[in-house]
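Visitor: Could you have a look at this structure, given as structure tokens, before my questions?
Read-outs: derived from the displayed coordinates by stated rules, not from any lab. Nothing here was measured: the structure is a model prediction, and the numbers come from that model. Positions of Cβ are generated from backbone atoms using ideal geometry, with glycine treated the same way; all protein chains shown enter the neighbour counts.
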Amino acid sequence: MVGTNAVAESFFKSLKVEWIYKHNYQLRSQAELSIFQWIETWYNKNRRHS
């Protein structure tokens, strides 16, 4: 189906462009914690939710 992944694709694009590409992680655990903090402190509070 067309558009069934639109929300997920939008989220992952934002995550990559606004956060992941701007950081250089040495360990997977660092990346996991950093991404979790981005989601909890910025994405969930500033993005529109439908």
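Visitor: In deg cm²/dmol and to the nearest 500, what is the mean residue ellipticity at 222 nm of the chain if only DSSP H runs of at least 4 residues count, each as -39500 (n - 2.57), divided by the residue total?
Guide: So the calculated ellipticity at 222 nm is -15000 deg cm²/dmol.
Visitor: Now a separate question. Using only C-alpha atoms and all pairs of different ones, pull out the Kirkwood radius for the chain in Å with one decimal.
Guide: Its Kirkwood hydrodynamic radius stands at 12.0 Å.
Visitor: Further, regarding this structure: Length gain on complete extension for the stretch residue 8 to residue 36, per 0.36 nm per residue less the alpha carbon to alpha carbon distance?
Guide: The span from residue 8 to residue 36 would gain 8.5 nm if fully extended.
Visitor: Treating only the Cβ of Lys, Arg, Asp and Glu as charged (+1, +1, -1, -1), what charge dipole size does the chain show about its Cα centre? Round to the nearest 20 debye.
Guide: The dipole magnitude comes to about 120 debye.
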